[in-house]
Amino acid sequence: MKNRLLSGIAVAVFGLLLALVPVCIFPACAKVIETAAGGTVPMKCFWSGQAEIGVGLLILCGGVLLIVFKSPLTRIGVSVMTALAGVLGLLVPTLLIGGCEMSTMACRMTTFPAAVVLSILTVAACAANAHYLWRQNKNLPVKTDGR
């Protein structure tokens, strides 16, 4: 019970913080930038922030599921899924979408480093939880007949 609450609350807090980083805690850059011709161009960091909100909410749901479910095998599956969501949260600002080119912009100085740290903490916590549950329940009978 204690492991279930501790791991679930920790992962849920990481997910909530990851969802709040681009909005409240360390806001990303403005939504659009004006060009010299008077037009507007959407900024990549805004869309990275939006994607991080979605990933953070997914991780938050994984943390809630870790609290709700009692079956160790189900919790292992939820931990692995949430760890993979943490990897996605790591890849969004670094590889998939990215951000501003200038290293002095708000997204590069605060938003993305905070998102990367929270994603790494999520992956570490979920991988450790899955490993712990696997070691504790190695000898559990697994039903393979579908009932």
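Each value in this text was obtained by applying a stated rule to the coordinates, not by laboratory testing. Only a predicted model underlies this, so the values are computations on that prediction, with no experimental measurement involved. Neighbour counts run over all protein chains shown; Cβ positions are idealised from the backbone, glycine included.
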Long-range neighbours under 7 Å by Cβ, at least six apart or interchain, first residue in contact (Cβ under 8 Å) with a residue 40 or more places away in the chain and among the small types (Gly, Ala, Ser) within segment 43-66, second surrounded by fewer than 19 Cβ atoms within 10 Å (Cβ to Cβ) and not in a helix (DSSP H, G or I): Ser48/Ile97; Ser48/Gly98; Ala51/Ile97
Output for segment 20-31, where each listed residue is among the hydrophobic types (A, V, I, L, M, F, W, C) and touching a residue at least 12 places away in the same chain (Cβ under 8 Å): Leu20, Val21, Val23, Ile25, Phe26, Ala28, Cys29, Ala30
Residue in segment 98-110 that is of a type in the set (Val, Ile, Thr), touching a residue at least 24 places away in the same chain (Cβ under 8 Å) and out of contact with any Lys or Arg (no Cβ under 9 Å at 6 or more places or on another chain) present: yes
Complete set of residues in segment 107-124 that are touching a Phe, Trp or Tyr at 6+ places or on another chain (Cβ under 7 Å) and either aromatic (Phe, Trp, Tyr) or surrounded by fewer than 23 Cβ atoms within 10 Å (Cβ to Cβ) (or both): Thr110, Ala114, Leu121
